[in-house]
Amino acid sequence: MAAILNTGEAMDRALGLLAAGDVVAIPTETVYGLAADATRGEAVALIYEKKGRPRFNPLIAHVSSLDMARGVADFSPLAEKLAAAFWPGPLTLVLPLAQKSPVHPLATAGLDTVAVRIPSGFARDLIARLGRPLAAPSANRSGRVSATSAAAAVEEFGDTIPLVVDGGPATVGVESTIVKVADDGLILLRPGGLAAADIEAVAGRKLRRETGGAIQAPGMLASHYAPASGVRLNAREVRPGESLLAFGPMRAAGAAAAARMLNLSGRGDLREAAANLFSYLRRLDAGEAATIAVEPIPDEGLGEAINDRLARAAAPRPRLEGGVPE
Ligand code: TXA
Ligand code: MG
């Protein structure tokens, strides 16, 4: 059963849990978040596991300062302007991932962009003390409404996480507004606690609206990393010229001849496999092989989200002009 501590008494306990790679439910001004160290793959995997999300949606990297934000993402002058006007606060900016960003690829779902925001209050203090960004989706189980109080977070996760920090009712009460800062303008990805008009007033331009997760091809969200190589699922043998994404202690037939092999988890641990998924896909994608064969992965626990991601990677899709989709 989760301990429930007020913000005044929770800091050390929360820091200890996060440093140990665990998750903690924390208050922010928008909604409560289920937080973990954004730089550690297995800690981020734990978030998805606790949420029971059948998919790896990219998560917001919460930071405590503009300096920390600049280490995570590349800021254009327009992004700097929005950050200066609205942070800390209910605005999330989607920006290009910084070259040396410490945010783990599982938290960005393998994308070249990253969502960042500075929350206010306890969350910001916690991040400053930890010295690292926190990944934190809204503290609700998959398919349920966001928690805006400690009691709601306890209802969602009380029996599965060690600590819920009680900061009273969330003052904004809805999730942050998400804006993608792209070369050609500002795109409103999710309306939220900061009015679009306020953003437009500071930016001096209109927001393009692309809410509702514009799906460009069946089974493929525009915001999902897609490997250029073909992906062949449930491979029980490796064909000539293929590379191999392995799982567990048992190898597919012909594995020794694979152009290249990476094992998501030699001991068959789905949390470790989730943490390795996006970086290994990218590494195999960068190799010579035209096809990545993937060994069967059990469809249980985090395996469901892993298999969902792999199925998307394997789905036939139209080639976009100019090469590989982001
Ligand atoms: O107010 C909030 O934003 C709360 C508090 C806890 O900060 N967090 C929250 O996180 O609502 P979550 O994970 O429930 O929603 C984050 C949204 C997801 O819909 C995700 O798809 C989107 O942000 N997102 C994250 N990274 C993205 C990226 N690189 N490109 C496009 N969308 C992204
Ligand atoms: Mg949510």
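Does Lys81 count as under 22 Å from Asp22 (Cα atoms), at pLDDT 95 or above, in a helix (DSSP H, G or I) and not aromatic (Phe, Trp, Tyr)?
no
In this structure, does Gly143 turn out to be free of Cβ contacts under 8 Å to residues at least 12 places away in the same chain, closer than 24 Å to Glu42 by Cα and within 16 Å of ligand 2 (Cβ to nearest atom)? Step through it out loud before you land on a result.
Details: free of Cβ contacts under 8 Å to residues at least 12 places away in the same chain: yes; closer than 24 Å to Glu42 by Cα: yes; within 16 Å of ligand 2 (Cβ to nearest atom): yes.
So Gly143 fits the description; yes.
Every residue in segment 22-47 that is hydroxyl-bearing (Ser, Thr, Tyr) and out of contact with any Pro (no Cβ under 8 Å at 6 or more places or on another chain), please. If you could, list the steps in order and put the result at the bottom.
So the first thing to find is which residues in segment 22-47 are hydroxyl-bearing (Ser, Thr, Tyr), and the list is 28, 30, 32, 39.
The one that is hydroxyl-bearing (Ser, Thr, Tyr) and out of contact with any Pro (no Cβ under 8 Å at 6 or more places or on another chain): Tyr32.
Scan segment 1-10 residue by residue and report those that are modelled with pLDDT of 95 or more, open to solvent by 30 Å² or more (accessible area, probe 1.4 Å) and among the aliphatic types (A, V, I, L, M).
Hits for segment 1-10 are Ile4, Leu5.
Which of (1) in contact with a Ser or Thr (Cβ under 6 Å, 6 or more places away or on another chain); (2) away from ligand 2 (no atom under 16 Å from the Cβ) is the odd one out, the single condition Ser138 does not satisfy?
If we test Ser138 against (1) in contact with a Ser or Thr (Cβ under 6 Å, 6 or more places away or on another chain); (2) away from ligand 2 (no atom under 16 Å from the Cβ), just (2) comes out false.
Please go through segment 113-130 and pick out each residue that is among the aliphatic types (A, V, I, L, M), touching a Leu at 6+ places or on another chain (Cβ under 9 Å) and open to solvent by 10 Å² or more (accessible area, probe 1.4 Å).
Result: Ala115, Leu130.
Please note which strands (runs of 3 or more DSSP E) are completely contained in segment 123-194 and include at least 2 residues that are within 15 Å of ligand 1 (Cβ to nearest atom) and closer than 19 Å to Leu91 by Cα.
On the way: elements: 163-166, 177-182, 185-190.
Because the criterion is at least 2 residues that are within 15 Å of ligand 1 (Cβ to nearest atom) and closer than 19 Å to Leu91 by Cα, the strands (runs of 3 or more DSSP E) in segment 123-194 that meet it are 177-182, 185-190.
So how many residues does segment 53-74 have that are open to solvent by 40 Å² or more (accessible area, probe 1.4 Å) and without any contact (Cβ under 8 Å) to a residue 60 or more places away in the chain?
Residues in segment 53-74 being open to solvent by 40 Å² or more (accessible area, probe 1.4 Å) and without any contact (Cβ under 8 Å) to a residue 60 or more places away in the chain: 4 in total.
Name the residues in segment 92-112 that are surrounded by 24 or more Cβ atoms within 10 Å (Cβ to Cβ) and over 11 Å from Ala61 (Cβ atoms), would you?
Leu106
The values are calculated or read from the model by the stated rules, or taken from the named source; none is laboratory data. These numbers were taken from a predicted model, which means no experiment stands behind them. All Cβ positions, glycine included, derive from the backbone under ideal geometry; neighbour counts span all protein chains shown. Accessible surface areas use protein heavy atoms only, side chains included; no ligands, DNA or RNA. Shrake-Rupley method; radii C 1.70, N 1.55, O 1.52, S 1.80 Å.
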